[in-house]
Structures are given as structure tokens and as C-alpha cells.
1. Does residue 98 satisfy the criteria of being farther than 16 Å from residue 14 by Cβ and either buried (at least 16 other Cβ atoms within 10 Å of the Cβ) or touching a residue at least 40 places away in the same chain (Cβ under 8 Å) (or both)?
2. Across region 101-117, what is the number of residues that are surrounded by 12 or more Cβ atoms within 10 Å (Cβ to Cβ), within 17 Å of residue 15 (Cβ to Cβ) and without any contact (Cβ under 8 Å) to a residue 40 or more places away in the chain?
3. I'm told residue 97 meets every condition in (1) in contact with a helix residue (DSSP H, G or I) (Cβ under 9 Å, 6 or more places away or on another chain); (2) under 26 Å from residue 45 (Cα atoms); (3) part of a helix (DSSP H, G or I) except one. Can you identify the failing condition by its number?
4. Kindly indicate the residue of region 47-95 that is modelled with pLDDT of 95 or more, more than 22 Å from residue 14 (Cα to Cα) and surrounded by fewer than 13 Cβ atoms within 10 Å (Cβ to Cβ) and also nearest to the chain's Cα centre (by Cα) among those meeting that condition.
5. If residue 107 meets every condition in (1) touching a helix residue (DSSP H, G or I) at 6+ places or on another chain (Cβ under 6 Å); (2) assigned to a helix (DSSP H, G or I) apart from one, which number is that one?
6. Can you confirm whether residue 28 is in contact with a helix residue (DSSP H, G or I) (Cβ under 8 Å, 6 or more places away or on another chain) and under 14 Å from residue 3 (Cα atoms)?
7. Can you find, within region 17-46, the residue that is farthest from residue 70 (Cα to Cα) among those that are touching a strand residue (DSSP E or B) at 6+ places or on another chain (Cβ under 9 Å), exposed (fewer than 15 other Cβ atoms within 10 Å of the Cβ) and at pLDDT 95 or above?
8. Which of (1) in contact (Cβ under 8 Å) with a residue 24 or more places away in the chain; (2) over 18 Å from residue 29 (Cα atoms) is the odd one out, the single condition residue 75 does not satisfy?
């Protein structure tokens, strides 16, 4: 069974549609928002097929000594695809903000999110 981890604020219609297709959803937190399971603690045993959320959820606060790659470290180690929702016109700026992890995530406009998620899930 497929399972999608998601950050707080992810479109509930996307999550509902996934649920109707028999895909489990697991709330994830970035360590600051107190939401769901902390993404840094996910393991291969969680059987997460994909992580989805808005860009701002993986951008650490300015005063934190962290980078987006630190927040997404477990996803990179366990080769879990990450879809970040960013309006198309901001994709280039988002890549700059993401730094060294930019090429390892998929930036998707919200209007195309469900289609892209389903392509990845197969």
C-alpha cells in the first residue's frame, strides 16, 4: 500500500483524493510546527512513498543553523521523493532558496499537484 507523508497546510482535497484511491496519508512536521511525526525521524520502516508540502515548510527560520537539506535529510537518505508546492512563476527563486537540495525535489504548481503526485506514485 502506498503512503504519502504531508506537511501541515497541504491541500485537503489532494489528501482526500489520495484517500479515496486507497493511499494512506501521514502528517509530518518540520520540527518547529509541532505537527505530525517529525520528518527527521522517518525511517524506511514508515513505508512512505512520497512527501508533499509547501516550500515554506522546509525553509528553516533565519536564526536557525539549518538548511532545507537538513530538514529533508531523511527523505534523501531513504530515497523518498519530495514534491514541494510552489507557484510556477517562483520555481527559479525556490531553487535558489533550496540550495543543494533543489535538484533532489520536484517543484510543482498547486494546480498540477495531484497529477504529479499520481505520476510519481504510479
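1. When the stated conditions are applied, residue 98 passes them.
2. Taking region 101-117 and keeping what is surrounded by 12 or more Cβ atoms within 10 Å (Cβ to Cβ), we get 101-102, 104-110, 112-114, 116-117.
If we keep only those that are within 17 Å of residue 15 (Cβ to Cβ) too, we end up with 108, 110, 112-114, 116-117.
Filter once more, keeping what is without any contact (Cβ under 8 Å) to a residue 40 or more places away in the chain: 108, 112, 116.
Total meeting the criteria: 3.
3. (2)
4. 79
5. Answer for residue 107: the failing condition is (2).
6. Details: in contact with a helix residue (DSSP H, G or I) (Cβ under 8 Å, 6 or more places away or on another chain): yes; under 14 Å from residue 3 (Cα atoms): yes.
Yes.
7. 19
8. It fails just one condition, (2).
The values are calculated or read from the model by the stated rules, or taken from the named source; none is laboratory data. As the structure is a prediction and not an experimental result, all values here were calculated from the model. Counting neighbours? That spans all protein chains shown, and the Cβs are built from the backbone with ideal geometry, glycine included.
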